[in-house]
Every structure is written in C-alpha cells, then in structure tokens.
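Handing you this structure, nothing more for now.
Rule-based calculations on the coordinates, nothing more; no lab input. In this text, all values refer to a predicted model and were calculated from it rather than measured experimentally. In this analysis, Cβ positions are derived from the backbone assuming ideal geometry, glycine residues included, and neighbour counts consider all displayed protein chains.
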Amino acid sequence: DLPGASELQARLLRNVSTLVKPGGVLVYAVCSPEPEEGEGVVRPFLEEGGFRLEAVFASAPPTGEEDAHQAFVLRREGP
C-alpha cells in the first residue's frame, strides 16, 4: 500500500542520512512516478533541516508502461 511504503521510505531515508558526513551527498531514488514516494518523502525530510536539495532527476516511461524513476540529490550541510 502506498501510504505504508512512503512511511517506510521516509524512515529509511532518515536512518541512512545519519551516516552522511557534513558536505557529503545522499541520493534518494525510487522507481515510481508517484509524488507520495518522491517529493512527498523528500520535502518533509528537508524541512527537518541538515540537508539541502541539489538536483532532481526524473524519467517518464513511454506511453503504456508503468515504471518511472525519480532521484533526489541531497547534500548534508556543514563544512
């Protein structure tokens, strides 16, 4: 279910973010076109502070296919 998957992804993102050194990069990527799994996870994470969004990449599938990809490049703030 989408809400459950988004909550799990948000927890995973927060947990792994603690391993990134100041100035380091974390890439959060999903193979889903759903905003709830992309921006819906990244936006609240960024509001918690400590990271800034550097780039967003997205690919749309050809008509008739379901897979899509979203990637968010997040940089940990600090020296």
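Once you charge only the Cβ atoms, +1 for Lys and Arg and -1 for Asp and Glu, what is the size of the charge dipole of the chain about its Cα centre, to the nearest 20 debye?
620 debye
Could you check which residue among 20, 41, 30 shows the biggest mean-square fluctuation in a GNM of the chain with a 10 Å Cα cutoff?
20
May I pose another question? Do any GluC sites (Glu not before Pro) in the range 22-79 lie in a DSSP loop with no more than 12 other beta carbon atoms within 10 Å, and if so, which?
Answer by residue number: 48, 65, 66, 77.
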